[in-house]
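What follows is one structure encoded as structure tokens, with my remarks underneath.
The values are calculated or read from the model by the stated rules, or taken from the named source; none is laboratory data. These figures come from a predicted structure and were not determined experimentally. So basically every Cβ, Gly included, is an ideal-geometry build from the backbone, and we count neighbours across all protein chains shown.
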Amino acid sequence: MIDWAATSSEFGYTALPKSKRPKVVCSCDECGKTRIIAIRVKSNVVDGQMPWVCPSCVKLRDSESISSKMTEQWADQDYRQQRVESSKELWESTDYRALHSTAVKTAMQSVDMSSILKKRYEDPKERQKHRDISIALWNDQAFRERVAVGIRGSAVLNGAPSSLHTVFAGLLDDIGVDYVAEQNIGPYNFDFCILIPDGRDILVEIHGDYWHNRADAIQRDNRKSSYALRLADQYDFMVIWEFEFYTNGRVFDRLKQKLGIEPVEQIEFDFSDVSISEIDARTARVFLTQYHYSGSLGRGGTKFGAYLGSKLIAVVVYSSVGRKETATTLGYKHSEVLEISRFCIHSFYHKRNFASWFLARTNRLVKTKCLVAFSDSTFGHIGTIYLASNFIHIGVVKPTYWYVDKSGWVMHKKTLYEHARSLRMTEREFAEAKCYRKIFGAQKDKFIKIIEEHN
């Protein structure tokens, strides 16, 4: 209907003027939303009023009509069967699948999804709406289990190992032992079988904390473990849990102890043989999970890797500073400062001056006015590589805490927190369940490097 009060306030008239296509303010007859429209056919206005429904309500009404019709159709068993058979017939055609794949790729390339999503999430109401939907879904146990099953099934169908399996395979490669992935023995499939010449091979199971803590999985794992232990004359057996990968060096040391391997000598190389390139998040994450004391990628950012041939031997990550005050106290905008959030060298490739050499070269590859770095003296880091790379020590940060289990293995506090959250547990609940205790450490030193000339 026409809102004459709003029309008068907006345009200054209370009846249709003689002008062509006069504008009025209309209020939707269904939702009450107002909108300025132009009257194209004046005969639609009877006694100063006309019905009007906004486009959103028209679309909703049409979708409800279509939905009702489709519901009625799909209630017919014969109709459902007909659609299933016709879909199967189409997908049996290689040409159709290729055509469909090409059409989807073309459609995705023609749409800038990032700008569409960015524009949508600029609206606080839209963000809150999607947040509420996500929370409601993840509070549904059945939904979480369907997602877990879907992810696991997708990895199996695509022949893709999980990230934990990739990390473990990398550790075995570093040690230099032969192994078989996905080893079938009797009725069971084991994640890895480490081949031991003149001895018992080692069967290895890697257990994800969420999946293998479900009641049905626990029963299945117990049966599998019992079967493996009955083969003790042929195989040794070990289980590695997901949380162990997030404690730097723990899995690696367990392996070396199991295999009776002495510490490996450092590998010699020339800096001229090392190439530096930007790497993706997955590559960086796998490397850092193996060799960085935090056991994680952190908040991400621009990631660089140092390669000796095809071997990744070092990773550095440049991230936006976590706190705005970190930049403003230095006299810069938040966007003008980057933090070296991760720096890690493969345990076999530590060499004098390599750290500062790698750091100095990647410093030149990032666009920023100032770099910030922290060294954690708790883990024996005193900032030597930063001072060697022309950073300036500007102060200290108060001590933080980390976690230690009963065997002395250390887990970074953020790693434990993030892992606990993924299991829908509090930090304290996870620490108690895995027998970790909180320990406060030493101070962190803060360093900066001004590189404004690079911009």
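What the table shows:
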quantity: Where a residue in the stretch 25-38 is outside the structural domain of GLN49 (by TED's automatic domain parsing) and its partner, wherever it lies, is modelled with pLDDT under 90, with Cβ under 7 Å and at least six apart; calculated: none
quantity: Selection within the stretch 313-328 - surrounded by fewer than 21 Cβ atoms within 10 Å (Cβ to Cβ) and within 25 Å of VAL286 (Cβ to Cβ); calculated: SER319, SER320, GLY322
quantity: ALA360 free of Cβ contacts under 8 Å to residues at least 60 places away in the same chain, closer than 27 Å to LYS398 by Cβ and part of a helix (DSSP H, G or I); calculated: no
quantity: Qualifying helices (runs of 4 or more DSSP H) (wholly inside the stretch 241-348; at least 2 residues being closer than 30 Å to GLU205 by Cβ); calculated: 250-259, 281-291
quantity: One residue from HIS350, HIS346 being modelled with pLDDT under 90 and under 25 Å from the mean Cα position of the chain (by Cα); calculated: HIS346
quantity: Single unsatisfied condition, ASP233 versus (1) farther than 19 Å from SER347 by Cβ; (2) assigned to a helix (DSSP H, G or I); calculated: (2)
quantity: Of residues in the stretch 25-60 being surrounded by 11 or more Cβ atoms within 10 Å (Cβ to Cβ), outside any loop (DSSP other than H, G, I, E, B) and over 50 Å from the mean Cα position of the chain (by Cα), the one modelled with the lowest pLDDT; calculated: LYS42
quantity: Total residues in the stretch 184-204, condition assigned to a loop (DSSP other than H, G, I, E, B) and touching a strand residue (DSSP E or B) at 6+ places or on another chain (Cβ under 6 Å); calculated: 2
